[in-house]
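Engineer: My structure is below; once you've seen it, I'll send some questions.
The values are calculated or read from the model by the stated rules, or taken from the named source; none is laboratory data. None of the values given here were measured: they were computed from a predicted structure. Methodologically, a virtual Cβ is constructed for each residue, glycine included, from the backbone with ideal geometry; neighbour enumeration extends over all protein chains shown.
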Amino acid sequence: MTTALLDGQFAVITGAASKRGLGLATARLFARHGATVAILDLDEGAAKDAAATLGENHVGLACNVTDLDSVKAAFDALIQRWGRIDILVNNAGITQPLKIMEIGPKNYDDVLDVNLRGTLYCSQAVIPHMRENKSGKIVNMSSVSAQRGGGIFGGPHYSAAKAGVLGLTKAMARELAPDNVRVNAICPGFIATDITAGKLTDEMRATINAGIPMGRPGTADEVAGCALFLASDISSYVTGSEVDVNGGSLIH
């Protein structure tokens, strides 16, 4: 039996209702390691269903991460219910496969709002509480596309939003370190999830795999493992970092 790394801790994971997504894989792993998990998603029914698959005591709540009131309501309800929040994983995100000249005002707003504003709002909702407790871990989901200038599916506005997440992560880490609140980012490479399912031809898949030294896409569970590391005390001296989970595709 492996040691439960998150025993007795309370974790919030945003955008985690998608069945094959990174958020739910992370929620499952956290629950297995002893955490009580809240899954936040736009779709309340899906959030509740996903939480139920984790076992008893886990929570599913509706939350629109781009709406400050919605975020405050969700986090206030959780702090009232649990008494504390130890871990926040800012996983909610959307992508759009557009070229630079195809990005319209609404495309920009939608992608920047969910990926970047959502990360800010959810962090702001939990920071005063973590500061008071002199303890907390925030894990932000960035992307290899922020580092290399474009991914497989994300347009330039997605790269910009995910690069913004890296800047926000480092600035928050610097500001919050004196209060023992650690903030880190994960940069997944090409991961087999619902977002990517069914959108690749065999030829595209072969080209992608050829650019990855490990020769295959990653899995949601492999990203979850990195989130577990950053959310646990094993990484107690790690803050302000961006951790690549990409099979070596960004070795430089």
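Engineer: Enumerate the pairs (first residue in region 125-145 and free of Cβ contacts under 8 Å to residues at least 24 places away in the same chain; second residue anywhere and surrounded by fewer than 23 Cβ atoms within 10 Å (Cβ to Cβ) and polar (S, T, N, Q)) with beta-carbon separation below 8 Å, excluding pairs fewer than 6 apart on the same chain, so at least 6 apart or on different chains.
Structural biologist: Final answer for the pair search is Ser145/Ser159.
Engineer: Within the set of pairs 6 or more residues apart or between chains, which connect a residue that is farther than 17 Å from Gly150 by Cβ inside region 241-252 to a residue that is acidic (Asp, Glu) with Cβ atoms less than 9 Å apart?
Structural biologist: So the pair list comes out as Val245/Glu222; Gly247/Glu222; Ile251/Asp244.
Engineer: Something else now. Hey, among Ala11, Ala27, Ala16, Ala38, which residue is farther than 17 Å from Leu230 by Cβ and either crowded, with 20+ Cβ neighbours inside 10 Å or of a type in the set (A, V, I, L, M) (or both)?
Structural biologist: Details: Ala11 fails: farther than 17 Å from Leu230 by Cβ; Ala27 fails: farther than 17 Å from Leu230 by Cβ; Ala16 fails: farther than 17 Å from Leu230 by Cβ.
After ruling out the rest, the residue left standing is Ala38.
Engineer: Can you tell me which of Val243, Val223 is modelled with pLDDT of 95 or more, in a strand (DSSP E or B) and within 24 Å of Tyr158 (Cα to Cα)?
Structural biologist: Val243
Engineer: Check whether at least one residue in region 179-190 is in contact with a Ser or Thr (Cβ under 9 Å, 6 or more places away or on another chain), at pLDDT 95 or above and assigned to a helix (DSSP H, G or I), and report yes or no.
Structural biologist: yes
Engineer: Let me ask you something else. If I filter region 221-237 down to residues being of a type in the set (A, V, I, L, M) and touching a strand residue (DSSP E or B) at 6+ places or on another chain (Cβ under 6 Å), which single residue comes out as surrounded by the fewest Cβ atoms within 10 Å (Cβ to Cβ)?
Structural biologist: Among residues in region 221-237 that are of a type in the set (A, V, I, L, M) and touching a strand residue (DSSP E or B) at 6+ places or on another chain (Cβ under 6 Å), the one surrounded by the fewest Cβ atoms within 10 Å (Cβ to Cβ) is Leu230.
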